[in-house]
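Below is one structure, written out as structure tokens; comments come after it.
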Amino acid sequence: MPRTVMIVDDSLIMTQKLTVLLRDLGHQVVRVCKSGAEALRDYPFVKPDIVTMDITMPGMDGIETMAAIMGLNPHARVIMVTSHGQEAMVLKALEAGALGYVLKPVNKDRLAVMIERAMSHMAAA
């Protein structure tokens, strides 16, 4: 089933890659945000099914942004996108409410699994 997705990442290359992967999986990218502040501004208007969130961004990092989005919508579905070597930050994100994570470079199959897991998590809740 197609999902609406908001991508939050400060890297143009990463947002382009995620957009292609998500479209290849049949999903609709409804917003690309380059910062946590943009994501917080736009989330209430876009109301995506899923948010992919980079952990490391200037200003507000992905964990802070996710927590703020969860404050706006406790049922928000956030998947973290991270680089190798950030295991402690991934654990912190999962404890704060992220429903999963994918490592960079993002693998299409792993992304598909995380999206379905996030969607089924809320369906079961």
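What is the one condition in (1) in a loop (DSSP other than H, G, I, E, B); (2) surrounded by fewer than 19 Cβ atoms within 10 Å (Cβ to Cβ) that Ala37 does not satisfy?
All conditions are met except number (1).
Looking at this structure, is Arg23 without any contact (Cβ under 8 Å) to a residue 12 or more places away in the chain and either closer than 15 Å to Met70 by Cα or of a type in the set (Ser, Thr, Tyr) (or both)?
Against the criterion (without any contact (Cβ under 8 Å) to a residue 12 or more places away in the chain and either closer than 15 Å to Met70 by Cα or of a type in the set (Ser, Thr, Tyr) (or both)), Arg23 does not qualify.
Within the stretch 75-86, identify whether any single residue is out of contact with any Gly (no Cβ under 8 Å at 6 or more places or on another chain) and part of a helix (DSSP H, G or I), and answer yes or no.
No, the stretch 75-86 contains no residue that is out of contact with any Gly (no Cβ under 8 Å at 6 or more places or on another chain) and part of a helix (DSSP H, G or I).
With respect to Leu18, is the statement that it is closer than 14 Å to Ile79 by Cβ, touching a residue at least 12 places away in the same chain (Cβ under 8 Å) and open to solvent by less than 10 Å² (accessible area, probe 1.4 Å) true?
Yes: the conditions hold for Leu18.
Restricting the stretch 2-15 to residues that are more than 19 Å from Gly100 (Cα to Cα) and in a loop (DSSP other than H, G, I, E, B), which is most open to solvent (accessible area, probe 1.4 Å)?
Asp10
Sort out which residues of the stretch 58-67 are open to solvent by less than 40 Å² (accessible area, probe 1.4 Å) and either of a type in the set (S, T, N, Q) or over 13 Å from the mean Cα position of the chain (by Cα) (or both), and write them in order of number.
Thr65
Scan the stretch 69-107 for residues that are in contact with a strand residue (DSSP E or B) (Cβ under 8 Å, 6 or more places away or on another chain), farther than 23 Å from Val20 by Cα and exposed (fewer than 15 other Cβ atoms within 10 Å of the Cβ) and jot them down.
Passing the criteria: only Leu94.
Just the residues that are modelled with pLDDT of 90 or more and outside any helix (DSSP H, G or I), please, taken from the stretch 105-125.
Pro105, Val106, Asn107
The values are calculated or read from the model by the stated rules, or taken from the named source; none is laboratory data. Source: prediction; values computed, not measured. When we count neighbours, we look across all protein chains shown, and the Cβ atoms used for this are built from the backbone with ideal geometry, even at glycine. The protein model used for the area step is the full one, side chains on, heavy atoms only, and it has no ligands, DNA or RNA in it. Shrake-Rupley method; radii C 1.70, N 1.55, O 1.52, S 1.80 Å.
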